[in-house]
1. Please report the Cα spread of region 5-129 along all three principal axes, rounded to whole Å, starting with the longest.
2. Taking the beta-carbon count within 10 Å as an exposure proxy, list 20, 158 from fewest neighbours to most.
3. So between residue 51 and residue 143, what do we pick up on full extension, going 0.36 nm a residue minus the alpha carbon distance?
4. Would region 175-279 count as rounded, prolate or oblate if I go by the C-alpha gyration tensor, calling it rounded below 1.5 in a/c and otherwise prolate when a/b exceeds b/c, oblate otherwise?
5. So how do 3, 14 line up by other beta-carbon neighbours within 10 Å, fewest first?
6. What spacing in nm lies between the two simple spin-label points modelled at residue 173 and residue 22, each 7 Å away from Cα in the Cβ direction?
7. Measuring from label point to label point, each 7 Å out along Cα→Cβ, what is the residue 243 to residue 59 span in nm?
8. I need 201, 96 ordered by Cβ neighbour count within 10 Å, fewest first.
Ligand code: OGA
Ligand code: MN
């Protein structure tokens, strides 16, 4: 197995392993170690059946709980991310977020497997939350450390939400719900349960307020922190190829799907691995 870090020191590409086969404990351990260190792993050229994607996912833990998207028939833990050539709805995941950060225990990993990739566009951007934390000014760092953020799925997934509003123009099976109005408290600075490193952990979609601050003041701070976290130097732009698999760490990374491929179809399959309560 060969692990090649991406040039900007965030993310890595792994070759020399066949993910369609059963993996040895040692191989899984090495992948896990690389994932913790590099945060976004990509494995080019891995044609997989859904059952193989499922088996690979389970090497890293239990499945996560994936709300608001109808899973694939016969595969209750796999969702399809699809955008048709003629579709004009915004791409799924095209605002910066950490997956399901509104849950009490959001997923540790998301695994995404590319089935059909457009000839241009459709990249995924990733932002390194450790670097964002490390680069905060001493003053902002001190201010953030004791703060609690409020997360909610309401912006995209309530009945009035912007994804729900994609309506008949969206080919993905989104299920908006009143449960999206619920809120969840999480620390603004999260300590990664495995690396013990601190990551800035607010995102512009699901973080809807800061405890103890008024709506305006909270929103201003969220905007300031996201503006900082999403600076160019913290970002890795991932270019897909067909049959490429990526696996990222939602506990220290946020991500954002890019458009720019109107007229072409894009299809991905996705699973998540259950995580812990952020602290
Ligand atoms: C996701 C997601 C991004 C993409 O699967 O969680 O945000 O580029 N996808 O499809
Ligand atoms: Mn996502």
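1. Principal extents (largest minus smallest coordinate, Cα): 44, 37, 34 Å.
2. Details: 20 13, 158 20.
In order of increasing Cβ crowding within 10 Å: 20, 158.
3. Working it through step by step, the gained length comes to 28.5 nm.
4. Details: a/c = 1.59, a/b = 1.47, b/c = 1.08.
Judged from the Cα gyration tensor, region 175-279 comes out prolate (a/c at least 1.5, a/b above b/c).
5. 3, 14
6. In this crude label model, residue 173 to residue 22 measures out at 3.1 nm.
7. Placing both labels 7 Å along Cα→Cβ, they lie 1.7 nm apart.
8. In increasing order of surrounding Cβ atoms, one gets 96, 201.
Values in this text are rule-based calculations from the coordinates and carry no lab data. Just so we're clear, the structure is a prediction, and the values are computed from it rather than from any experiment. Methodologically, a virtual Cβ is constructed for each residue, glycine included, from the backbone with ideal geometry; neighbour enumeration extends over all protein chains shown.
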